[in-house]
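The values are calculated or read from the model by the stated rules, or taken from the named source; none is laboratory data. Here the structure is a predicted model, which means the values were calculated and not measured. Neighbour counts are summed over all protein chains in view; Cβ atoms, including those assigned to glycine, are modelled from backbone coordinates with ideal geometry.
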């Protein structure tokens, strides 16, 4: 990934109406992923509070783990909602080209995909504001895949071979978790479309395990609440700047989902060694040798087990959360 930091971004004309609306939403909500989701909903004809709850645990880099920024993941959810996995182009669902184009522009603008590197050591999250307010411009620019060849041909061939392998076994990392949780494509088609990009560590990039990501999303969908208060967000920022416990559940309605995602990450690392797909599999999916290794060493069976275990853990967490809420009431 290091050599990609010199990619020159496309010429995007700043849209100050988009940015103004995005900043207003950020002031009301306080966290990146749900704010970006709300930004995109406001600029589309889609009505979907459930999508904001789906993203409720994603701030801080998917369950506050510091990895993929919420300004990257929420647009990928919206792309999935539009395209799903239905249309293939060169052996890959079209969301791969659109998602990789979006990823490339995000990387060019922010030099990293990871939350912890964007934020750095700042107490006040000033560096998190630009990705959030720019996100609608990047999303709409690449929505129709008008950015040339988003995936180099050799990488595409590797991704296409891996996708064919997974499809032949009817396995999709994120969708497998949803299936184990009792959701079905027939009853919940939009939900299954929404997680389309989360396969192989996000679009086969080998980043955060997509089964873990789906677990965070599923928890947010069930228990997520939506913050909408400027005074509460200002208080959150003040406590954060003073190095206080800004992520206490009581300070922001998204905090509980994010904290549950973080708890899931601690369990996940203990069980599987890392939340990162490449670290778990030892394979780089952009490389033919990496795909060969994944297929030849039967990693798919391990991934299937991970998805099943994540779903079981999420069910336990949700049941414990339900009991806790009942005691409070």
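On inspection, residue 164 fails the criterion of being more than 17 Å from residue 310 (Cα to Cα), surrounded by 23 or more Cβ atoms within 10 Å (Cβ to Cβ) and touching a residue at least 40 places away in the same chain (Cβ under 8 Å).
Which one of 252, 243 is over 23 Å from the mean Cα position of the chain (by Cα) and outside any helix (DSSP H, G or I)?
243
Scan region 1-21 for residues that are modelled with pLDDT of 90 or more and not in a helix (DSSP H, G or I) and the total you get is 0. Residues of region 85-125 that are more than 18 Å from residue 151 (Cα to Cα) and in contact with a strand residue (DSSP E or B) (Cβ under 9 Å, 6 or more places away or on another chain): 86, 114, 115. What are the residues in region 314-324 that are surrounded by fewer than 18 Cβ atoms within 10 Å (Cβ to Cβ), in contact with a helix residue (DSSP H, G or I) (Cβ under 7 Å, 6 or more places away or on another chain) and at pLDDT 95 or above, if any? The one that is surrounded by fewer than 18 Cβ atoms within 10 Å (Cβ to Cβ), in contact with a helix residue (DSSP H, G or I) (Cβ under 7 Å, 6 or more places away or on another chain) and at pLDDT 95 or above: 318.
State yes or no: is residue 24 more than 16 Å from the chain's Cα centre (by Cα) and part of a helix (DSSP H, G or I)? Spelling it out, residue 24 is indeed more than 16 Å from the chain's Cα centre (by Cα) and part of a helix (DSSP H, G or I). When you check residue 291 against the structure, is it under 23 Å from residue 62 (Cα atoms), touching a residue at least 60 places away in the same chain (Cβ under 8 Å) and surrounded by 17 or more Cβ atoms within 10 Å (Cβ to Cβ), yes or no? In short, no. Taken over region 268-284, the criterion of being surrounded by fewer than 21 Cβ atoms within 10 Å (Cβ to Cβ), part of a helix (DSSP H, G or I) and out of contact with any helix residue (DSSP H, G or I) (no Cβ under 6 Å at 6 or more places or on another chain) is satisfied by 269, 270, 271, 278, 279.
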